[in-house]
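The values are calculated or read from the model by the stated rules, or taken from the named source; none is laboratory data. What you are looking at is a predicted structure, and each value in this text was computed from that prediction instead of being measured. When we count neighbours, we look across all protein chains shown, and the Cβ atoms used for this are built from the backbone with ideal geometry, even at glycine.
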């Protein structure tokens, strides 16, 4: 029995050690051995702020007042009608009249939303363009759809989208452009002008190709923005657009797997695109999104966890880092800081940081060398207590204190 | 913009009208127009029996006593460790020492479990054999894995698995055999002897090919059996086996999307197969199964809804049908009766039944012509009230009353 062929591609995918997971487990080991105060774990993007107060009340009410057979029963494959209507009403009253209940498809979180959307749009050989640094799984999801992910580097230093570079990357095989604002791992929020320019480029290229280049907007961090930052709504700028959303970060419920795909009702072949979303969902085994959390999410639209905790962490951590001489762009959204490594190898920097108890993720996995990602969705106490460790780390590199 | 190519395969899949859904919607329309007592809806396999009493208590306890950040946070991709351990312990104490926490992968229900498993095992061009009649989505799921579903007809009349026919169908391309006991749509439960013979055939063929032919056992109806019926545990009969399970039917929570894949710890390349399951889950966007219901399911292992309601429905309905002259095999499990159509076209029979208010699903979609499926997961009152309608329908065909 030598030739026991299973799907080796999936074996490989399942065996790849995640750098993030490795750091997290290292942290657990140190915590167990030396105490929780010996490690400052900035590795995971798991929200630390509890869900909004209302969540428990909503869950209790649903459990206590609804017929359990209906509450826990199958909804239609695309999601319960009342839930899709609530989501559509919320989008239309807050962002623009872009969707209907019949262009919204409830999903098991944003990962499902992106895989389903890319499968619906792509055929083998297609290309999907994104800006790097980006979420590492984009490549895996595009691959599942038979497409190739083409990463266009964002602008050095600011990580703003480089629209000129995007224009150069658009080609005959480009099926879609996948954007993420607020962005993993740099916390960049695209401005209205940037989105406008990007959409103008897509429009021109679509014209040239004689078919739409789709804009897919992955926006699980939409509500996690700071100061007076506004996140432009992609659908208002471009008809052939699809939004992938998750309630994971806004409601701090990433484990509950609830999100949606929303197709712009003005998109080309809108009905067919929505049908393809339904068809892809069906083939991938996403029969209906979890029913209790469909109903809970519909009742909590617009509510968020206490974002001010992340805002305070961001400000304090940016101060700490700059004070010790590190270079970092202050993020306008999400809960990540992307910090320049003081030596060429981010892996070596991350390794040295570990010896100070600091768990920082090398940026290579996000498609950007020479940086580390700091996930500051931690307690304010962890941020505060980490200051001497960052100072010592900076000193070990001889960085100038400011 | 003529050539607006999206994925036409998924467009088609998303647009296919479901016969079951059509019947269900027809029923809703009649109910609205003429009253709920004018229609006997046996179309949908949605459990009518409420979840076990304990479910609400468990959900309340989890919501009220657990840290919400942990309870609703990401678990590891394969599921929370305590949940996988509980599932493994349950399987091992009830069926045999076949799994460990590290061979169990929590999924969003059985659909996800099957897609993930077939993707993990198959490569393009592979064949997956099943017995027909079968769950219509098997073909879609195999297609997603790049494989072709080969349906071997079960024995005419009894719908028992035809092992001789299976042996003839086993070939060079056979990657796996997918069984479902208790079975949709006929309620057949495979006997120990049948499973033994089937596994002997797989063993011989594996030997011949020099690689394992995998046995995938889809068993969401395991607990829904009647009288002293026992459901043999596939893993006890064959090492290269994988069980796909869902809590949807046992706990009456089909909308909550909670189930698992369990890989036999004695399987060839067991670690790689489990890695492939993890890799497929990752690529398909199944990051972690819904976290609240992971914990709830772990606390309710072995509990079921009140199966006696289905048992009573089965007995009464079998009496009613046979009394009017219909031919039906009494199911030993699940909540479906597969009834012979008194005319060659099951679609025509289903159409005529509608005029008596009876919604019965033609069996063609299950891969078996000349039968209809009756889902008796309805209230006992519906069964009782349907008796005159069945009698009138039978009379219209001139069937002999018994």
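Could you list, in sequence order, all residues of the stretch A:260-284 that are free of Cβ contacts under 8 Å to residues at least 12 places away in the same chain and within 7 Å of chain B (Cβ to nearest Cβ)?
Matches in the stretch A:260-284: A:269, A:272, A:275.
Do you know which residues across the stretch A:236-249 are within 24 Å of residue A:164 (Cβ to Cβ) and in contact with a helix residue (DSSP H, G or I) (Cβ under 8 Å, 6 or more places away or on another chain)?
The answer is A:237, A:238, A:240, A:241.
Residue-wise test of (1) over 25 Å from residue B:69 (Cα atoms); (2) at pLDDT 95 or above; (3) in contact with a strand residue (DSSP E or B) (Cβ under 7 Å, 6 or more places away or on another chain); (4) outside the structural domain of residue A:79 (by TED's automatic domain parsing).
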residue: A:270; (1), (2), (3), (4): yes, yes, yes, no
residue: A:283; (1), (2), (3), (4): yes, yes, no, no
residue: A:309; (1), (2), (3), (4): no, yes, no, yes
residue: A:330; (1), (2), (3), (4): yes, no, no, yes
residue: A:339; (1), (2), (3), (4): yes, yes, yes, yes
residue: A:342; (1), (2), (3), (4): yes, yes, no, yes
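Going residue by residue through the stretch A:119-133, is there one that turns out to be within 13 Å of chain B (Cβ to nearest Cβ) and out of contact with any helix residue (DSSP H, G or I) (no Cβ under 9 Å at 6 or more places or on another chain)?
So far as the stretch A:119-133 goes, yes, one or more of its residues are within 13 Å of chain B (Cβ to nearest Cβ) and out of contact with any helix residue (DSSP H, G or I) (no Cβ under 9 Å at 6 or more places or on another chain).
Over 30 Å from residue A:300 (Cβ atoms), over 23 Å from the mean Cα position of the chain (by Cα), surrounded by 17 or more Cβ atoms within 10 Å (Cβ to Cβ) and within 11 Å of chain B (Cβ to nearest Cβ): which single residue out of A:69, A:11, A:39 fits that description?
That would be A:11, the only listed residue that is over 30 Å from residue A:300 (Cβ atoms), over 23 Å from the mean Cα position of the chain (by Cα), surrounded by 17 or more Cβ atoms within 10 Å (Cβ to Cβ) and within 11 Å of chain B (Cβ to nearest Cβ).
Those residues that are facing chain B (nearest Cβ under 9 Å) and buried (at least 20 other Cβ atoms within 10 Å of the Cβ), I need them from the stretch A:141-150; list them, please.
Listed by number, the residues that qualify are A:141, A:144, A:145.
Output the number of residues of the stretch A:306-325 satisfying the condition of being on the phi < 0 side of the Ramachandran plot and surrounded by fewer than 18 Cβ atoms within 10 Å (Cβ to Cβ).
10
Could you please give the count of residues in the stretch B:46-57 that are surrounded by 21 or more Cβ atoms within 10 Å (Cβ to Cβ) and either free of Cβ contacts under 8 Å to residues at least 12 places away in the same chain or more than 8 Å from chain A (Cβ to nearest Cβ) (or both)?
Counting residues in the stretch B:46-57 that are surrounded by 21 or more Cβ atoms within 10 Å (Cβ to Cβ) and either free of Cβ contacts under 8 Å to residues at least 12 places away in the same chain or more than 8 Å from chain A (Cβ to nearest Cβ) (or both) gives 0.
Take residue B:257 and tell me if it is touching a helix residue (DSSP H, G or I) at 6+ places or on another chain (Cβ under 6 Å), on the phi > 0 side of the Ramachandran plot and within 14 Å of chain A (Cβ to nearest Cβ).
Criteria met by residue B:257.
Could you grab me the full set of residues in the stretch A:14-35 that are farther than 18 Å from residue B:120 by Cα and within 11 Å of another protein chain (Cβ to nearest Cβ)?
A:18, A:21, A:24, A:25
Looking only at residues in the stretch A:88-118 that are more than 14 Å from chain B (Cβ to nearest Cβ) and crowded, with 24+ Cβ neighbours inside 10 Å, which one is nearest to the chain's Cα centre (by Cα)?
Pass one, the stretch A:88-118, residues more than 14 Å from chain B (Cβ to nearest Cβ): A:88-101, A:104.
In the following step, the residues that additionally are crowded, with 24+ Cβ neighbours inside 10 Å were identified as A:99, A:104.
Details: A:99: 22, A:104: 19 Å.
Filtering first and then ranking leaves A:104.
Which of (1) facing chain B (nearest Cβ under 8 Å); (2) closer than 28 Å to residue B:7 by Cα; (3) at pLDDT 95 or above does residue A:287 not meet, given it meets every other one?
Single failed check for residue A:287: (3).
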